[in-house]
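Report on the following structure.
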Amino acid sequence: MTRRPILPPPAPPPRSPVTGARMSRPADPGAAGTGGRAAWPPLAALRRIDAALVAPATAHQLAGVRAGLAVVIALRLATGPYAQLAGQPAALFRPPDVLAWLPSMPPFAVLVGLQVLGTVAAIAAAAGRRATATFAVAWGCLLVLAGLRGSLGKILHNDVLVLLAAVPIMLAPAGARWGDLRASCRWGWPVRAALAVIAAVYFACAVQKLRHTGVTWVTGDNMRWILYAAATASRAPTRAVALFIADRAWLSHLTAAGLLGVELAAPALLAVRRTRPLFVILAALLHLGTWLTLGLDYWGWALTVAVVALPASWWTVAGGSTRRLRRK
Amino acid sequence: MTAPAAGAEADGLARRARWVAYGLVGLLAFSTIAGVEWWPLSSFRLFSQARTGTAVSWQVAVVDGAGEEHVLPFDQLPRGYRGSHQLAPTLRRLSPRRRDAVCRAWAAAAGRLAVEAGEVRVYRVTGRVPTGHGPGPAPTRTLSVTCAGAGP
């Protein structure tokens, strides 16, 4: 004779949306350990961010982002003036810490060799050939060559964003291929981590402006003097744009506010799938404006934002497949 | 794959994701707050200092055998020399040996422009930023460092 249970058996824990396995923790993170009470809002927000980080995505999306970043790296390597760095006197060599082990600027053959090796590796990574290894080789070549370019006396930031955003992609699990529509948390987190890095970099730029100058960065004459100095330096393709803005105080304030606003809004705009294309456009305008007014070459930043944020926006996981690809 | 094995794999991937994502964002936050420059990690102080109408720049000049001074046109020199005027503000803090090495390199650069340099002078130049509407007052130069351009 079997005894009937007095209480109904507890419901089994829910299945993981990633693996289908039973989860050991309660499904509602907000209720975990709180006796069913709603979690403190900031904590709940952090938990939502954490859940989004490890949410599933397709291998196709990761392969797309990796190929895009590989193309950016290939372009940076192929078009950079690295060979011209040869012949720098050792006394003038001021490498960043990561290259402090080098006694002087490497010779021409080494610089060109790294440039060719890195470009070929980046093209191979973009084509999906041994992508994990070739992407790492291309990244390493850009790290060294961009670091050497910044060894002339002034640290350069032109390649910093692509180098940092590529780190999570390099550390992603191997095996992501174009056309593989299986959704798994294996493929989702590297792209979202790259998005987080991009958001953090733009936000850091804004924080430093507010920290070292405050709101007078926008309300003062700061932007006008930046633009007048740039017009004097004549590095931009034209002086007309810088002078046009600098001569109009209201336009200078508006430009400064817009620039700071884009940087401050980066985390919010990149966190929401629907606003990522907007940030891509704003970042492109920001860097186009920087080139037109100051003559600074930041197209690598604009391209990096586009190749990471757009695929993450287009191909979203919905019930184990991607909406965009399902329509095809 | 069995359910426990799949769960363990998912846990491992989630752990890796958190280490990488939060680790990188944490490093960026640290470098920003602490102001460290571990390139490519940076404090991202791009244009963060307010600019005013006063501009400070540095000029490197060499003195030839006839005592005539020639300002080094860095933009006309090979790329390896181009950013080196950025070293000028730090020159006073260098050891005499390293400072002399930098000065000899600049003197050699002058040699590329057919100027035989006996002495190198580094000036701090302070002036008004031109606004494109007529010439402003002439900038003032202050001698910062003098060193020998020729080796011992």
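The values are calculated or read from the model by the stated rules, or taken from the named source; none is laboratory data. This one's a predicted model, so the numbers in the text were calculated from it and none came from an experiment. Cβ sites come from the backbone with ideal geometry, for glycine too, and all protein chains shown count toward neighbours.
Laid out as a table, the results:
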{"read-out": "Scan of segment A:68-85 for residues that are small (Gly, Ala, Ser) and either touching a Gly at 6+ places or on another chain (Cβ under 7 Å) or buried (at least 20 other Cβ atoms within 10 Å of the Cβ) (or both), ordered by number", "value": "A:70, A:74, A:80"}
{"read-out": "Selection within segment B:133-152 - small (Gly, Ala, Ser) and modelled with pLDDT of 75 or more", "value": "B:138, B:144, B:148"}
{"read-out": "Test result for residue A:276, among the basic types (Lys, Arg) and either modelled with pLDDT of 95 or more or within 23 Å of the chain's Cα centre (by Cα) (or both)", "value": "yes"}
{"read-out": "When residues of segment A:164-182 are limited to those that are surrounded by 24 or more Cβ atoms within 10 Å (Cβ to Cβ) and of a type in the set (A, V, I, L, M, F, W, C), the one nearest to residue A:268 (Cα to Cα)", "value": "A:165"}
{"read-out": "Test: residue in segment A:102-111 that is modelled with pLDDT of 95 or more, within 25 Å of the chain's Cα centre (by Cα) and either more than 12 Å from chain B (Cβ to nearest Cβ) or not in a helix (DSSP H, G or I) (or both)", "value": "no"}
{"read-out": "Looking only at segment B:120-152, and only at residues there that are farther than 30 Å from residue A:248 by Cα and free of Cβ contacts under 8 Å to residues at least 24 places away in the same chain, the one that is nearest to the other protein chains (Cβ to nearest Cβ)", "value": "B:152"}
{"read-out": "Test result for residue A:246, touching a residue at least 40 places away in the same chain (Cβ under 8 Å) and surrounded by 20 or more Cβ atoms within 10 Å (Cβ to Cβ)", "value": "no"}
{"read-out": "Top-ranked residue in segment A:86-101 [being within 25 Å of residue B:108 (Cβ to Cβ) and of a type in the set (A, V, I, L, M); ranked as farthest from the other protein chains (Cβ to nearest Cβ)]", "value": "A:100"}
{"read-out": "Set A:204, A:193: member being free of Cβ contacts under 8 Å to residues at least 12 places away in the same chain, facing chain B (nearest Cβ under 9 Å) and in contact with a helix residue (DSSP H, G or I) (Cβ under 6 Å, 6 or more places away or on another chain)", "value": "A:204"}
{"read-out": "Which listed residue is surrounded by fewer than 22 Cβ atoms within 10 Å (Cβ to Cβ), facing another protein chain (nearest Cβ under 7 Å) and either touching a residue at least 24 places away in the same chain (Cβ under 8 Å) or more than 20 Å from residue A:299 (Cα to Cα) (or both), from A:255, A:238, A:219, A:213", "value": "A:213"}
{"read-out": "Answer from A:140, A:150, A:188 - the residue that is buried (at least 21 other Cβ atoms within 10 Å of the Cβ) and within 20 Å of the chain's Cα centre (by Cα)", "value": "A:188"}
{"read-out": "Qualifying residue in segment B:34-53 (condition: at pLDDT below 90 and either acidic (Asp, Glu) or touching a Lys or Arg at 6+ places or on another chain (Cβ under 7 Å) (or both))", "value": "no"}
